[in-house]
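Asker: The structure under discussion is supplied below as structure tokens; questions concerning it will follow.
The values are calculated or read from the model by the stated rules, or taken from the named source; none is laboratory data. Note that this is a predicted model, so its numbers are computed, not measured. Don't worry about glycine lacking a Cβ; one is built from the backbone with ideal geometry, like all the others, and counts go over all protein chains shown. We work out accessible area using only protein heavy atoms, side chains counted, and drop any ligands, DNA or RNA first. Shrake-Rupley method; radii C 1.70, N 1.55, O 1.52, S 1.80 Å.
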Amino acid sequence: MEIVMDSVKVIGRIVTILPLLLVVGLYMGKRSIGELPVFDFLVVLVLGSVVGADIADPNIDHIHTVVAMIVIALLHQFIIFIKLNNKRLGKLLTFEPTVVIYDGKFLVKNMKKVHYAIDNIMQMLREKNVFSVQDVEIAIVEANGRLSVKLKGAKEWAAKEDVGAVVSAAEYDVPVILDGELQRPMLQRLNKNEEWIKGKLLKNNITDVKEVFYGALTPSGTFVYSLKNEGDTSIPPMEH
């Protein structure tokens, strides 16, 4: 009998909690569900924990869960109000956008700040149909962790009818150097050797492969690279 009563309690809590959770979600706004900045992510995480505990444990006082959900929603709106009205305090409560590629070059220091590896950035570029880092004018990791990309003027996308010309074969990067390490299997597949890549580096006044953070070849034979100590003095400032 006790099991049946507990089951009825759980069903009753689901029936009452889900509509309330929907109302709270709509009140908090779509930004808390879509982009999920750090504070919004924590709010959703806490809401999930509170609701999950309430549904799973019939012994928890149901009214406390309802009060907790309402307080969380109000606190969320209060923090948003502070962020909108106090820019300095708002910056402390969220991440700043970070430039990770500028003028076709990886910015190693900035990548380390946001804990993104080459593989992460390259994957995010490919998801935006960008297959060569040299085509990128600027790429920014936003506060929500997504990558915004601005291509160089000549590489901006356009339909064939817009340009009235035949589109040439696309370029893409084949990485041969990653974080100062030669990718020998890739060199072999390209029918190149270590001496050949060292010659390419010397043409660009690079004497040690360990100085190179990222090096790649394109199908046209162009060698693109970013150094570990790539300068950042010309990078445009990015702030909310």
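Asker: Taking the residues in segment 105-150 that are of a type in the set (S, T, Y) and out of contact with any Phe, Trp or Tyr (no Cβ under 9 Å at 6 or more places or on another chain) as candidates, determine which candidate is nearest to S220 (Cα to Cα).
Answerer: S148
Asker: So which residues in segment 103-127 are exposed (fewer than 15 other Cβ atoms within 10 Å of the Cβ) and not hydrophobic (A, V, I, L, M, F, W, C)?
Answerer: Across segment 103-127, the qualifying residues are D103, K109, K112, K113, H115, D119, Q123, R126, E127.
Asker: Right, another one. List pairs: first in segment 103-125 and touching a residue at least 40 places away in the same chain (Cβ under 8 Å), second open to solvent by 60 Å² or more (accessible area, probe 1.4 Å) and among the hydroxyl-bearing types (S, T, Y), Cβ under 7 Å, 6+ apart or cross-chain?
Answerer: none
Asker: Being modelled with pLDDT under 85, of a type in the set (D, E, K, R), over 26 Å from E211 (Cα atoms) and touching a strand residue (DSSP E or B) at 6+ places or on another chain (Cβ under 9 Å) narrows it down to one of E127, E96, E142, so name that one.
Answerer: Just one listed residue meets the conditions, E142.
Asker: Looking at segment 189-205 only, could you name the residues that are open to solvent by less than 100 Å² (accessible area, probe 1.4 Å) and under 33 Å from the mean Cα position of the chain (by Cα)?
Answerer: Within segment 189-205, L190, I197, K200, L201, N204 meet the criteria.
Asker: Can we say D135 is in contact (Cβ under 8 Å) with a residue 40 or more places away in the chain and not hydrophobic (A, V, I, L, M, F, W, C)?
Answerer: Considered against the rule, which asks whether it is in contact (Cβ under 8 Å) with a residue 40 or more places away in the chain and not hydrophobic (A, V, I, L, M, F, W, C), D135 comes out as no.
Asker: Mind listing whichever residues of segment 206-216 are open to solvent by less than 10 Å² (accessible area, probe 1.4 Å) and in a strand (DSSP E or B)?
Answerer: Of everything in segment 206-216, those that are open to solvent by less than 10 Å² (accessible area, probe 1.4 Å) and in a strand (DSSP E or B) turn out to be V212, Y214, G215, A216.
Asker: Looking at segment 170-180, can you tell me whether even one residue there is at pLDDT 85 or above, open to solvent by less than 30 Å² (accessible area, probe 1.4 Å) and assigned to a helix (DSSP H, G or I)?
Answerer: The answer is no; no qualifying residue exists.
Asker: Could you look through segment 42-83, keep only residues that are free of Cβ contacts under 8 Å to residues at least 24 places away in the same chain and part of a loop (DSSP other than H, G, I, E, B), and pick out the one that is most open to solvent (accessible area, probe 1.4 Å)?
Answerer: N59
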